[in-house]
Amino acid sequence: MSISSFKIANKLITGEGATSRIPEELERLQVKNPLIITDKILVKVGTVAKVTDLLEGVNFDIFDGVLPEPEFSIAEDCAKVFIKGEHDGVIAIGGGSAIDIAKAVSVFSNYEGSGEEIVGTDLVPAKGAPIIAVPTTAGTGSEVTNISILSDKKAQLKKGVVSDFLLPDVAIVSPEMTISMPPSVTAASGIDALVHAIEAYISINRSPITDALALHAMKLIAVHLPKAYTNPNNIHSREMMATASLMAGMAFGNAGVGAVHALAYPLGGRYSIAHGISNALLLPYVMEWNKISCLERFRDIAEALGIQTGHLSDMEAADQAVNRMRDLCKAVRIPDGLRSFDIPEDALEEMAEDASQIDRLLKNNPRVLTKQDIFEIYKEAY
Ligand SMILES: NC(=O)c1ccc[n+]([C@@H]2O[C@H](COP(=O)([O-])OP(=O)(O)OC[C@H]3O[C@@H](n4cnc5c(N)ncnc54)[C@H](O)[C@@H]3O)[C@@H](O)[C@H]2O)c1
Ligand SMILES: [Fe+2]
């Protein structure tokens, strides 16, 4: 077995009511004037108040300017608010978008260069202000990863800042923070978590630790995503989804994700399609491509998704895993086909060019892809 390292947020606090620990965590981290980073919807639906109500006696401000698939400019604007308000820590309350902005703001609290200079791996020079991440989707797993993904609208690309200085100091995963998610967000973010687990499980950088996390996350999501989707108030299923998302985040934060994410990035970067939907649109087609490179792993995935594989050959089990994913995406009403999103067919070639450059992710994929292979997959997914 080759050497592997494992890194996550410094501390995880999970379970219903976990947010009640925020005041003591602020004290432990010696944060006296936090900036809450969130979006207007989460303020409006009362999810942010679930935290601010707990902050009696704490001096804090709220930045609610995060937008989905956020651009670098939002991180820069938020960093100005952070510096002007002399804040000393960030509390992200939101999905991956708010958490990723909070990670970038933490960097900017201790770095004067441009966002562009830190795109890539290990280019952040130093740890910034403490980060407390409170996810409201289940989800990206961003609360435990060392990545911030931001959109560069001009280049029509999504770019990753990857550095262990981005690992949150505390991840607070509390299912009641996800109750207000509408079914469409439950579906998209839940499929994202499932893709994290599947891609981590077949990644060439996997380890026995990431395998265990990924497999259990798949099992939980297969059972609880349909339940949380059909009954948003089912707190048990919300808790299982939040836990699965966390576990999938720990898995992919170390094993990496692969071709589904690489091919999904141009959909987000060029057409602002939500991250979870972009992944879902490509997942069955990339699974189809990958399956012969690791059939026995696909058998495990089929079992984790609830398929009895005893009587099946590896190939049959792998086919059933792919079909189960199609059925699950359909059940949670994720549209099929890139054409449903008004992507012009003649853009596929440029998208393939963009995706083929995302070596950071493609290098984890179990089967090698050329630009032509990517183009063919886009055509099938069209
Ligand atoms: N850093 C990482 O490790 C990582 C991993 C995967 C994805 N991402 C990034 O995360 C972003 C996507 O994050 P996301 O899928 O969590 O969605 P999101 O944060 O973009 O939120 C999507 C929408 O759902 C709303 N929403 C979120 N939680 C809600 C709640 N509890 N109640 C009501 N509305 C709610 C938001 O207001 C927003 O309008 C993308 O930019 C993606 O690239 C990051
Ligand atoms: Fe993702």
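In table form, for the structure just shown:
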quantity	calculated
Relative contact order computed over the chain (Cα-Cα under 8 Å; 6+ residues apart), in percent	16
Percentage relative contact order, the stretch 11-178, counting C-alpha pairs under 8 Å, at least six apart	28
Leading residue at positive end of dipole, the stretch 1-113 (Cβ point charges), from VAL105, LEU12, ILE74	LEU12
LEU312 versus THR230: modelled label distance in nm, points set 7 Å from Cα along the beta carbon direction	2.2
Distance from the stretch 153-212 to the stretch 303-382 (C-alpha centre basis), Å	18
Spin-label pair SER180/TYR382, simplified geometry with 7 Å Cα→Cβ offset, distance in nm	4.2
Restraint check, LYS127/LYS291; LYS44/LYS363; LYS154/LYS227; LYS127/LYS330; LYS50/LYS227; LYS159/LYS379, Cα-Cα greater than 31 Å	LYS127/LYS291; LYS44/LYS363; LYS154/LYS227; LYS127/LYS330
Listed peptides 124-135, 336-347, 311-322, 68-79 by packing density, highest first (mean Cβ within 10 Å)	124-135, 68-79, 311-322, 336-347
For peptides 299-309, 44-54, sequence by mean Cβ density within 10 Å, most packed first	299-309, 44-54
Zero-based 20 Å bins, Cα pair distances in the chain, whole percents	31, 59, 10, 0
Anisotropy class of the stretch 154-304 from Cα gyration tensor, a/c 1.5 cut	rounded
The stretch 250-361, relative contact order in percent, only Cα pairs under 8 angstrom and at least six apart counted	33
Pairs of Cα atoms farther than 20 Å apart, the stretch 11-178, %	44
In nm, spacing of pseudo-spin labels at ASP336 and SER293 (7 Å Cα→C-beta vector)	2.5
Choice from LYS219, LYS291, LYS154 with maximal GNM fluctuation in the chain (Cα, 10 Å cutoff)	LYS154
Highest-fluctuation residue, LEU123, LEU283, LEU361 considered, GNM on the chain with Cα pairs under 10 Å	LEU123
Of ASN233, ASN254, ASN59, the one that fluctuates the most in a GNM where the chain has Cα springs shorter than 10 Å	ASN59
Residues GLU112 and SER2, FRET efficiency given R0 of 45 Å [Cβ-Cβ distance, rounded to 0.05]	0.75
Sequence ranges 162-175, 25-38, 104-117, ranked by mean other-Cβ count within 10 angstrom, highest first	162-175, 25-38, 104-117
Value in Å of the Kirkwood radius, where the stretch 46-104 supplies the Cα pairs that are averaged	12.1
Length gained when the stretch ALA155-ASN10 is fully extended (0.36 nm per residue, less Cα-Cα span)	48.8 nm
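The numbers here are math on the coordinates, done by the rules we state, and not lab data. Just so you know, these numbers come straight off a predicted model, no measurement behind them. So basically every Cβ, Gly included, is an ideal-geometry build from the backbone, and we count neighbours across all protein chains shown.
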